[in-house]
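The values are calculated or read from the model by the stated rules, or taken from the named source; none is laboratory data. The structure displayed is predicted, hence computed values, not measured ones. Cβ coordinates were reconstructed from backbone atoms using ideal geometry, including for glycine residues, and neighbour counts include every protein chain displayed.
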């Protein structure tokens, strides 16, 4: 998995939100379900991927 190769601290989650609204299998709910239940992230890894890296890079 890319997270193992690059470390979670070097990744941030993003989406093409305008497209996600039109593709039922790839909507925002499905994306968060994958992160919450399908990838076996710890709470720290999930928080880092969804917000921590972006906060560190942009703010």
(Q) Among (1) at pLDDT 80 or above; (2) surrounded by 11 or more Cβ atoms within 10 Å (Cβ to Cβ); (3) not in a loop (DSSP other than H, G, I, E, B), there is one condition residue 31 misses while meeting the rest; what is its number? (A) (1)
Q) Based on what the data block shows, is residue 50 part of a helix (DSSP H, G or I) and at pLDDT 85 or above? A) yes
Q. What pairs can you find where one residue is in the range 21-38 and within 15 Å of residue 49 (Cα to Cα), the other is at pLDDT below 80, and their Cβ atoms are less than 9 Å apart, with a gap of 6+ or different chains?
A. 31/15; 31/20
Q: Name every residue in the range 34-43 that is under 17 Å from residue 4 (Cα atoms), part of a helix (DSSP H, G or I) and touching a helix residue (DSSP H, G or I) at 6+ places or on another chain (Cβ under 8 Å), in order of residue number.
A: 35
